[in-house]
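Take a look at the structure below.
Rule-based calculations on the coordinates, nothing more; no lab input. Just so it is clear, the structure is predicted and the values come from calculations on it, not from any experiment. A quick note on method: Cβ atoms are made from the backbone with ideal geometry, for glycine too, and the neighbour counts reach across all protein chains shown.
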Amino acid sequence: MDWTAEIDAARVRINGYVRRTPVSEVTGFGLPDPVALKFEQMQVTGSFKARGAFNTLLSQPVPAAGLVAASGGNHGAAVAHAGAALGYRARVFVPEMAGPAKIGLIERLGADLTVVPGAYANALDAAHAYEAETGAMQIHAYDAPATVAGQGTCMAEWEEQGLGADTVLIAVGGGGLIAGVMGWLQGRRKVVAVEPERAPTLNAALKAGGPVDVEVSGVAANALGARRIGNICLGLARVHLGQSVLVSDDAITAAQAALWHELRQLVEPAGAAALAALMSGAYVPRPGERVAVLICGGNIAPDPL
């Protein structure tokens, strides 16, 4: 697939529906060198997911039965928002571990919401059953070309904003975001995948030589809790991924606290995971290496307001 062309087309489609999120080069966090940040938690619905949702809905016909999605929370909010903005009914299935903040957000955005016992995989099973029963259009959270192309617009936008980094650190759940990043960059910059130790979906697949199911838990599981990596992501990672690293829950929460204390940026654990790799030493830049970190989500639980 020509990912550059797909992402360029997605940028045109979603223009006016999503925000151009701010970027900054900052010092601090106990790091010896400045780091470039992109604050995608300031995107509509609080994460990058709106990019993929709008690209999907604007690139293909939607049946009368409407939309269905499974989500750990952020994707569901994006589908609910995009569906409402474009006039489509949406049914969203989320696992109990999504938590009250994300569940409440989806409800406020007007989707028909079903909370499913278990983890994301259980919500996905329920969404597939609903799709088969009703004919609703499934919007996959990460393993669909339109989703990946939409998420890739984030990286295209960042380069347009003057990104000067050699290396970009990206948090990974099911792999839609990092797939879009790799699809856009095509090896022009080093891409580092960052996952929680307790949800090592891509890391495990790379070691096993193919997709495998992993047990997921931990502080970021409601956003980075896919049990199996997406095929699109894995295929791109085999060609374009520079490195895969894992971070502890303690490292994630330390980075989350640092973003608040140093920049007054309130983010969810998944949003801080990529920074955690730098702060904890899971990823150590070589001397002079310019590093960038994507802050991907801000739907913190519990909701501080």
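Brief remarks on what is shown
- Subtracting the Cα-Cα distance of Gln243 and Ala129 from 0.36 nm times their residue separation leaves 37.4 nm of extension gain.
- Along the axis of the charge dipole computed for the chain (Cβ charges of +1 for Lys and Arg, -1 for Asp and Glu, origin at the Cα centre), the listed residues Gly281, Thr114, Cys154 are led at the positive end by Cys154.
- Length released on extending from Val284 to Glu262, taking residue separation times 0.36 nm less the Cα-Cα span: 5.8 nm
- Taken about its Cα centre, the stretch 34-125 carries a charge dipole of roughly 220 debye when the Cβ of each Lys and Arg holds +1 and the Cβ of each Asp and Glu holds -1.
- For the peptides 14-26, 138-150, the ranking by mean Cβ contacts within 10 Å, running from highest to lowest, is 138-150, 14-26.
- Annotation: peptides 106-113, 41-48, ranked by per-residue average of other Cβ atoms within 10 Å with the highest first, follow the order 41-48, 106-113.
- The chain, helix-only ellipticity at 222 nm - DSSP H runs n ≥ 4, -39,500 (n - 2.57), divided by all residues, nearest 500: -13500 deg cm²/dmol
- Förster-model FRET efficiency, 25 Å R0, Glu160 and Val26, C-beta, rounded to 0.05: 0.80
- Between the Cα long axis of helix 74-86 and the first principal axis of the chain there is an angle of about 50°, rounded to the nearest 10.
- Expressed as a fraction of 2.2 N^0.38 Å, the C-alpha radius of gyration for the chain is 0.91.
- Count of lysine pairs in the chain with Cα separation under 20 Å (8 or more residues apart, or interchain): 4
- Most tightly packed first, judged by the mean number of other beta-carbon atoms within 10 Å of their residues, the peptides 265-274, 74-83 read 74-83, 265-274.
- Think of each Lys and Arg Cβ as +1 and each Asp and Glu Cβ as -1; about the Cα centre, that makes the dipole of the chain roughly 400 debye.
- Rounded to 10°, Cα long-axis angle of helix 269-280 versus longest principal axis of the chain: 20 degrees
- For the stretch 237-253 versus the stretch 16-82, the gap between their alpha-carbon centres in whole angstrom: 20 Å
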